[in-house]
Structure formats: C-alpha cells, structure tokens
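Please read the structure below before turning to the comments.
The values are calculated or read from the model by the stated rules, or taken from the named source; none is laboratory data. Every value quoted in this text rests on a predicted model; they were computed, and no experiment measured them. Cβ coordinates were reconstructed from backbone atoms using ideal geometry, including for glycine residues, and neighbour counts include every protein chain displayed. For accessibility, only protein heavy atoms count, side chains too; no ligands or nucleic acids. Shrake-Rupley method; radii C 1.70, N 1.55, O 1.52, S 1.80 Å.
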Amino acid sequence: MSVKISMTVNGKSVSHDVESRTLLVHYLRDTLRLTGSHVGCDTSSCGACTVQMDGVAVKSCSILAAQADGSVITTIEGLSDGENLHPLQEGFKECHGLQCGFCTPGMIMCSVDLLKNNPKPTEEEIRHALEGNFCRCTGYHNIVRAVQYAAEKM
Ligand code: FES
Ligand code: FES
C-alpha cells in the first residue's frame, strides 16, 4: 500500500507517494538522494542514520517515512550554512574525529542535539550522549575532542 507524505527536508518542501513500509532513512537516501545518512546495521543500534526530526535527533532507520509526514527534517547535508561548515563539522575536521567517516554524519547530528540542550558538556556527558552511535575506527577519543571544540566555538 502506498501513502502520500509531505515534509520539509533541509528547508525544502518535498512530497512523494511511498510504500507504507518505507523507512525514513531509505526515503532520504533513495528517493531524495541525500546519502549522507548511512545505514550501518539492521538493529537500530549503530546511529549512522541519525537525523534531526522536529529538532530532535532520531535514528531514521527506526522511523517509517509515513511517521515523519508533516515534520521538519535536517540531515547532515542541511547542517552547514552555505559554504561555512557547522562548528561540529569543523571540529571533526580539526580534531581528526573521523577515519573512514561512515559514522560521522550520525555522530554530528546526535551532537547537534547534545549541544543544543547542554552547550558546555563534560567529557562524560559527551560520551553518554553518543552512546547510541558506534565508531569502528577512532576509539572515540578524537570524537569527544571534536565535540568539545564545537562547544567552545558555539
Ligand atoms: S542504521 Fe540506524 S541505527 Fe544503524
Ligand atoms: S570513522 Fe570509521 S566508523 Fe567512525
């Protein structure tokens, strides 16, 4: 069964007919071609698919596209202000917070949420906030530094 959905994605209104079982992450990647949100698991545990939905970080693999009908979505592609990197993007770059980069969009979109609610988090609070995001490369140390860098800048 298909359903008609409409939402705002990265400031742009979009509307499509989708299968009712379509996950939000697949809608974003396959229909809208926003491939920055990654699929790293099939158990809702890795966080690579994290986006902002109505200002809250969500795992877009655990939400149906139909459930996002009427919402405002921001993906990693919509985070920066034109040519200027978001402080978190800059932090990951400056602090070497990534290696392969697969987890990075999810790490950043989750950290956006953290810094909005807690502009000066402690190292422990950063690690706690990113518990649902897995990185197989970095050992997390530089990811924490990247978030601290962004907190300073913001
Ligand atoms: S792909 Fe969504 S949590 Fe892993
Ligand atoms: S940088 Fe490779 S998984 Fe995190």
Worksheet item: Placing +1 at every Lys and Arg Cβ and -1 at every Asp and Glu Cβ, with all other atoms neutral, what dipole size does the stretch 1-134 have around its Cα centre, in debye to the nearest 20?
Response: 240
Worksheet item: For the stretch 87-153, what mean projected area does the convex hull of the alpha carbons give, in nm²?
Response: 3.6
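Where does each of 92-104, 34-46 land if you order them by average Cβ count within 10 Å, highest first?
Details: 92-104: 18.8, 34-46: 16.2.
Packing proxy ranking, top to bottom: 92-104, 34-46.
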Practice prompt. Can you check what the Kirkwood hydrodynamic radius comes to for the stretch 1-152, Cα pairs only, in Å to one decimal?
Written response: 15.6
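Take the Cα pairs of the stretch 2-78, get the Kirkwood Rh, then feed it into Stokes-Einstein at 4 °C and 1.567 mPa s and tell me D in µm²/s. Present the calculation step by step, with values, prior to reporting the outcome.
Values: Rh = 12.0 Å.
It diffuses with D of about 108 µm²/s by this estimate.
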Discussion item. Could you tell me which residue out of Thr31, Met7, Pro119 lies farthest along the dipole of the chain toward its positive end? Charges go on the beta carbon: Lys and Arg +1, Asp and Glu -1, centred on the Cα centre.
Written reply: Thr31
Discussion item. In whole Hz and in residue order, list the ³J(HN,Hα) couplings for the stretch 119-130 that follow from phi through the Karplus curve 6.51 cos²θ - 1.76 cosθ + 1.60, θ = phi - 60°; x for Gly and Pro.
Written reply: x, 10, x, 6, 4, 4, 5, 5, 4, 5, 5, 9
Practice prompt. Could you run the Karplus curve 6.51 cos²θ - 1.76 cosθ + 1.60 with θ = phi - 60° over the stretch 21-37 and give me ³J(HN,Hα) per residue in whole Hz, x for Gly and Pro?
Written response: 8, 5, 7, 4, 4, 6, 4, 5, 6, 8, 8, 8, 6, 9, 8, x, 7
Fill in: Per residue accessible area of the chain, 1.4 Å probe, in Å²
52
Worksheet item: Which cross-chain or sequence-distant (5 or more) residues have an amide H under 5 Å from the amide H of Leu23, H modelled 1.01 Å from N in plane?
Response: Ala65
